[in-house]
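Asker: One structure, as structure tokens, below. Some questions next.
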Amino acid sequence: MPKILVTGAFGQIGSELIPALQAKHGANNVVAFDMAVKPNSFDVATEQGSIVDLGKLKEIIVKHNIDTVYHLVSILSAKGERDPNLTWQVNMDGLRNILNLAVEYKLKVFWPSSIAAFGPTTPRDLTPQHTVLEPTTIYGITKMVGEALCHYYYLKFGVDVRSMRFPGLISWKTEPGGGTTDYAVAMFYEAVKGSDYTCFVHKDTILPMMYMDDAIRAMIMLMDAPVEKIAIRTSYNLTAISFSAEELAIEINKHLPLAVKYEPDFRQRIADSWPQSIDDSAARADWGWHHEFDLQKMATVMIEKLKEKL
Ligand SMILES: NC(=O)c1ccc[n+]([C@@H]2O[C@H](COP(=O)([O-])OP(=O)(O)OC[C@H]3O[C@@H](n4cnc5c(N)ncnc54)[C@H](O)[C@@H]3O)[C@@H](O)[C@H]2O)c1
């Protein structure tokens, strides 16, 4: 059984990945690491600290005999624009720490990139796997450089680091941490609470999205895939569904009344710099990726789960 460290464990993805990893590998084979330890529904060994503290990370890896890391710590796109220096430090120094530890302790690493690695000069429809990467946010820049760094550590040191470019992730367990696609989650919350919603992107804004269950399955599939199937060591394109903000509101309205006003703010410019749809045929061909949740199925589950939660 692998001994797994999840960094950024109490964020939107980590809080769903941990129980999935515990179910697969055993509750005692997963360790959670985060700067902010939050109350949660799962029982997991927890370590608190900052990802920039190499000494602390080393101590944890040795103490728990870690051989696999899901490195999720990041400052996300919208939050990142408020403090570019901190974003560079947390995202880049954090990744470099994990990759250096991977060399020293022969760790297998998962690290997520994002559609934010693309930019306004990238083809926006069915964005190819190999294409222009000229991001215009500091978050996107850390993803672009991070991809190149993962590739470099694979080539130079043989680190088995695997990555995928996530689209916007939609989930009900933990609220998102300051990304540009947060409006998609917020619309569900407001609909279930019976409130109106003011959306920070225009109604015609189309972005690629994915339901969290698909994202968790994708991460585990990629990490389980035989090494010879992993042909891409920068980051795999990955997608499920693309829809506009208005199409999402219409879908939610089939279940619950939701009045939406559209008042774009600085996040509109970020959304406009990202693709509308993604070609993820390499992930599908190399390690069998397929999504299970379309817009209708995702909306039904989100509303059902949020009604129970709220
Ligand atoms: N959620 C999405 O829609 C999405 C889309 C594309 C890519 N991703 C990527 O997936 C990963 C996880 O995203 P998420 O949505 O779970 O993020 P999140 O913001 O919800 O969680 C990040 C976690 O990292 C922790 N953290 C922040 N700074 C830290 C530090 N210095 N030291 C230790 N912990 C620190 C936070 O406390 C938080 O719990 C990130 O790399 C992100 O870029 C997410």
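The values are calculated or read from the model by the stated rules, or taken from the named source; none is laboratory data. Values in this document were obtained by computation on a predicted structure and should not be read as measured data. Here the Cβ is made from the backbone with ideal geometry for all residues, glycine too, and neighbour counts use every protein chain on show.
Asker: Considering only residues that are touching a strand residue (DSSP E or B) at 6+ places or on another chain (Cβ under 8 Å), within 17 Å of Ile66 (Cα to Cα) and away from the ligand (no atom under 14 Å from the Cβ), which ones fall in the stretch 102-129?
Answerer: Those that are touching a strand residue (DSSP E or B) at 6+ places or on another chain (Cβ under 8 Å), within 17 Å of Ile66 (Cα to Cα) and away from the ligand (no atom under 14 Å from the Cβ): Ala102, Leu107, Lys108.
Asker: Which residues, taken from the stretch 171-227, are within 21 Å of Pro39 (Cα to Cα) and in contact with a Ser or Thr (Cβ under 8 Å, 6 or more places away or on another chain)?
Answerer: Listed by number, the residues that qualify are Lys173, Thr174, Gly178, Val185, Met212.
Asker: Which residues, taken from the stretch 61-93, are surrounded by fewer than 19 Cβ atoms within 10 Å (Cβ to Cβ) and either of a type in the set (S, T, N, Q) or part of a helix (DSSP H, G or I) (or both)?
Answerer: Val62, Lys63, His64, Asn65, Lys79, Pro84, Asn85, Leu86, Trp88, Gln89, Met92, Asp93
Residues are listed down the side, and each one gets a yes or a no for (1) polar (S, T, N, Q); (2) closer than 30 Å to Leu101 by Cβ; (3) crowded, with 21+ Cβ neighbours inside 10 Å; (4) not assigned by TED's automatic domain parsing to the domain that holds Ile75:
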position	(1), (2), (3), (4)
Gly178	no, yes, no, yes
Tyr183	no, no, yes, yes
Ser195	yes, no, no, yes
Pro226	no, yes, no, no
Glu246	no, no, no, yes
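Asker: Turning to a different aspect of this structure: Of all residues in the stretch 23-53 being of a type in the set (Asp, Glu) and buried (at least 17 other Cβ atoms within 10 Å of the Cβ), which is farthest from Leu72 (Cα to Cα)?
Answerer: Within the stretch 23-53, the subset of a type in the set (Asp, Glu) is 34, 43, 47, 53.
Among the residues that remain, those that are also buried (at least 17 other Cβ atoms within 10 Å of the Cβ) are: 34, 47.
Values: Asp34: 9, Glu47: 15 Å.
Among those residues, the one meeting the criterion is Glu47.
Asker: Taking the stretch 41-81 as the search range and keeping residues that are more than 24 Å from Asn100 (Cα to Cα) and out of contact with any helix residue (DSSP H, G or I) (no Cβ under 6 Å at 6 or more places or on another chain), which one is farthest from the ligand (Cβ to nearest atom)?
Answerer: Asp43
Asker: Has the stretch 24-35 got any residue that is within 14 Å of the ligand (Cβ to nearest atom) and either touching a Lys or Arg at 6+ places or on another chain (Cβ under 7 Å) or assigned to a helix (DSSP H, G or I) (or both)? It would help to see each step written out before you state the result.
Answerer: Step one: of the stretch 24-35, the residues within 14 Å of the ligand (Cβ to nearest atom) are 31-35.
Those left that are additionally either touching a Lys or Arg at 6+ places or on another chain (Cβ under 7 Å) or assigned to a helix (DSSP H, G or I) (or both): none.
No, every residue in the stretch 24-35 fails to be within 14 Å of the ligand (Cβ to nearest atom) and either touching a Lys or Arg at 6+ places or on another chain (Cβ under 7 Å) or assigned to a helix (DSSP H, G or I) (or both).
Asker: Take Ser242 and tell me if it is over 19 Å from Lys297 (Cβ atoms) and touching a Ser or Thr at 6+ places or on another chain (Cβ under 6 Å).
Answerer: Details: over 19 Å from Lys297 (Cβ atoms): no; touching a Ser or Thr at 6+ places or on another chain (Cβ under 6 Å): yes.
In short, no.
Asker: Looking for something free of Cβ contacts under 8 Å to residues at least 60 places away in the same chain, within 13 Å of the ligand (Cβ to nearest atom) and either surrounded by fewer than 22 Cβ atoms within 10 Å (Cβ to Cβ) or assigned to a helix (DSSP H, G or I) (or both) - is there at least one such residue anywhere in the stretch 133-140?
Answerer: Yes, because at least one residue in the stretch 133-140 is free of Cβ contacts under 8 Å to residues at least 60 places away in the same chain, within 13 Å of the ligand (Cβ to nearest atom) and either surrounded by fewer than 22 Cβ atoms within 10 Å (Cβ to Cβ) or assigned to a helix (DSSP H, G or I) (or both).
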